[in-house]
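One structure below.
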Amino acid sequence: MRRPRPVLPLRPRALRPLALAGAAALLLAGCGGDGGGSGGSGTATGGSGTAAGGATPGATAAAADCAPGALDTLEGGTLTLGTSQPAYEPWMVGDDPANGQGYESAVAYAVAEELGYAREDVAWVRVPFDAAVQPGPKPFDAALNQFSITPERQRAVDFSSPYYDVRQAVVTLEGSPAAGADSLAELRGVRLGAQVGTTSLRAVEEAVSPESAPAVFTSNDDAKLALANGQVDAIVVDLPTAFYLTAAELDGGVILGQLPQLDEDPEQFGMVLDLGSPLTGCVSAAVDALREDGTLAELQQQWLADVAGAPELS
């Protein structure tokens, strides 16, 4: 049960929430159909039902609902955010989401600021990836963990407006049977693996269509260890994670390339909230405001500029 909400005092930096209130008002005036967006240009959506590649439909917010202190959070006066453990770079640095370093940690604190929460008003909980996108009550108000927005997941949880466009990539080791593969056909005969319940696993199954069932792991960390131990020949992860693994985690790690985009719309990451959360519209408005004022682009440049490209496999 949610606790009564205290009225938070306005802080000197309350100008940002006022800007958010304006963004929410624009959403009310301008949305109403299908929508979504692409990385740097998505918009929150209105309407009902589910939609691919965008925020949860119907998740608009009245300006007053997004005012500081008005949010119906799990704990009054605190914005509780979730992520998994370990949390990988470049998304989180040092497996410490509270340090504000790494793209998703930086986005999280920027969203909190838009919503009127000071840094000390943000708390973190650790939640396994698969548990976060399952139906049922959540121990967080919102979570970031490279959650791709999919119609299937939108039946179980809400998503904010997207904060990043992403592609999936194949990682192997020098000397592996997969090393040197430069086409999807050459990957079909090797042992592939990916984290359970992820779009990485879907990419293996649908883009590669391997001859044998892919190995499934509870986390990317387990997939990485399986690759290092020779249990699989290659793994699929999102592209920024692939760059980090090959640069810092895997001796002799190699990115073979990006997998083809599976859907017409790009794969996008969004913040996950409880299904029907009263916060979804406000969080989406915050993400949209950060996109419109250039903050998301600046944070991507700061944390993801070195992980932007790899050859596409076909």
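Report, to the nearest whole %, how much of the accessible area of segment 136-241 belongs to carbon and sulfur atoms, 1.4 Å probe, protein only. Result for segment 136-241: 48 percent of the exposed heavy-atom area is carbon or sulfur. Charged neighbours of Ala242, selected by a Cβ distance under 11 Å, balance to 0 (K, R count +1; D, E count -1). Nearest 0.05, what FRET efficiency do Gln261 and Ala118 give at R0 = 35 Å with Cβ-Cβ as r? So the FRET efficiency works out to roughly 0.35.
Its Cα centre serving as origin, segment 168-258 has a Cβ charge dipole (Lys and Arg +1, Asp and Glu -1) of approximately 120 debye. Each peptide in 248-261, 229-242 was scored by the mean count of other Cβ atoms within 10 Å over its residues; highest first, the order is 229-242, 248-261. Listed values for segment 254-260 are Karplus-derived 3J(HN,Hα) couplings in whole Hz (6.51 cos²θ - 1.76 cosθ + 1.60, θ = phi - 60°), namely 9, 8, 7, x, 8, 7, x, and x replaces Gly and Pro. With protein chains left intact and a 1.4 Å probe, residues in segment 146-259 average 36 Å² of accessible area per residue.
Normalised by the residues of segment 168-258, what does the relative contact order come to in percent, with Cα pairs under 8 Å and at least six apart?
Details: 174 pairs, mean separation 41.0, N = 91.
It comes to 45 percent, rounded to a whole number.
Amide H to amide H distances under 5 Å link Ser161 with Ser284, where only residues 5 or more positions off or on other chains count and H is placed in the peptide plane. Couplings for segment 139-146, taken from phi via the Karplus curve 6.51 cos²θ - 1.76 cosθ + 1.60 with θ = phi - 60°, read x, 9, 7, 7, 9, 10, 6, 6 Hz in order; Gly and Pro are left as x. A simple packing score, the average count of other Cβ atoms within 10 Å per residue, orders the peptides 92-98, 177-183, 111-117 as 111-117, 92-98, 177-183, with the highest score first.
Given contacts defined as C-alpha pairs under 8 Å and at least six residues apart, what's the relative contact order of segment 116-193, whole-number percent?
Working: 25 pairs, mean separation 14.5, N = 78.
In percent, rounded to a whole number, it is 19.
Over segment 168-258, the ratio between the Cα radius of gyration and 2.2 N^0.38 Å evaluates to 0.91.
Each of Asp293 and Ala248 was given a label point 7 Å from its Cα along the Cα-to-Cβ line. The distance between the two points is 2.8 nm.
Computed from backbone phi, the HN-Hα couplings of segment 175-187 come to x, 6, x, 8, 4, x, 5, 10, 8, 5, 4, 6, 8 Hz, rounded to whole numbers (Karplus: 6.51 cos²θ - 1.76 cosθ + 1.60, θ = phi - 60°; Gly and Pro given as x).
Reducing segment 117-174 and segment 190-205 to their Cα centroids gives an inter-centroid distance of 17 Å. For Trp124, nonlocal amide neighbours, meaning residues 5 or more places apart or on other chains whose placed amide H falls under 5 Å from its own, are Leu81.
The values are calculated or read from the model by the stated rules, or taken from the named source; none is laboratory data. In this text the structure is predicted, and so the values were computed from the model without any measurement. Cβ sites come from the backbone with ideal geometry, for glycine too, and all protein chains shown count toward neighbours. Areas reflect the complete protein model, heavy atoms only, side chains present, ligands, DNA and RNA absent. Shrake-Rupley method; radii C 1.70, N 1.55, O 1.52, S 1.80 Å.
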